[in-house]
Amino acid sequence: MTAQFPERLTYRGEKMVLYTKPLREYLDESCAKLRFRANSSALWRGYVGSWEIADGQLFLIGLDGTLENGAKATLSTVFPNASDRVLAYWYCGTLRIPKGRKLEKFVHRSYASVFEFDLLFEVLRGDVVATRLQHNKLTDVIDVDDIPF
């Protein structure tokens with residue numbers, strides 16, 4: 001699979017790439033009839049979300065995409081009553097932000113590249129409950145051709 005365009009995250013004023021798709025769960029559960037168009041093999045989901053961590057919470061602050069019918073999709077497409085941001089109350093999981101240099105050559109799979117560090121945010125119903133910096137090593141990289149199944 002082609003490496004995918006990442007989501008965007010702003011944290012403490014710094015703009016970063018986000019190797020997690022927090023909106024996917026909401027779309028799968030709440031918007032069954034809302035379909036996006038893949039305009040590129042590097043954007044199969046059809047949208048890029050912009051996120052912000054502020055006051056210990058995760059917010060969706062923007063959405064740029066194309067609906068299946070060709071119409072432009074924005075934050076108000078998914079959340080019609082939203083003003084400028086939406087608390088990610090549906091999301092429970094880990095946000096991954098790659099940091100530092102890439103530890104191996106390009107990996108031709110979605111978000112599979114390994115970097116020196118991963119900044120990880122544990123999120124529970126939109127609340128950031130833990131933050132940690134993970135130091136990765138080249139030995140953490142597994143070649144999919146070496147997996148026996």
By residue number, the members of the range 54-67 that are not β-branched (Val, Ile, Thr) and not in a loop (DSSP other than H, G, I, E, B) are Ala54, Gln57, Leu58, Phe59, Leu60, Gly62, Leu63, Asp64, Gly65, Leu67
Looking across the range 13-25 at residues that are surrounded by fewer than 18 Cβ atoms within 10 Å (Cβ to Cβ) and either free of Cβ contacts under 8 Å to residues at least 24 places away in the same chain or closer than 16 Å to Thr74 by Cα (or both), the single one that is farthest from the chain's Cα centre (by Cα) is Gly13
Test set (1) in contact with a Ser or Thr (Cβ under 7 Å, 6 or more places away or on another chain); (2) of a type in the set (Lys, Arg); (3) surrounded by 14 or more Cβ atoms within 10 Å (Cβ to Cβ) - Lys72 fails condition number: (3)
Where the second residue is at pLDDT 75 or above and the first is among the acidic types (Asp, Glu) and lies in the range 125-144, which pairs have Cβ atoms under 8 Å and are six or more apart or on separate chains? Asp127/Gly56; Asp127/Gln57; Asp127/Leu58
Select from the range 33-73 the residues that are of a type in the set (S, T, N, Q) and more than 13 Å from the chain's Cα centre (by Cα) and write down the one among them that is nearest to Val128 (Cα to Cα). Gln57
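The values are calculated or read from the model by the stated rules, or taken from the named source; none is laboratory data. All values reported here derive from a predicted model rather than from experimental measurement. Positions of Cβ are generated from backbone atoms using ideal geometry, with glycine treated the same way; all protein chains shown enter the neighbour counts.
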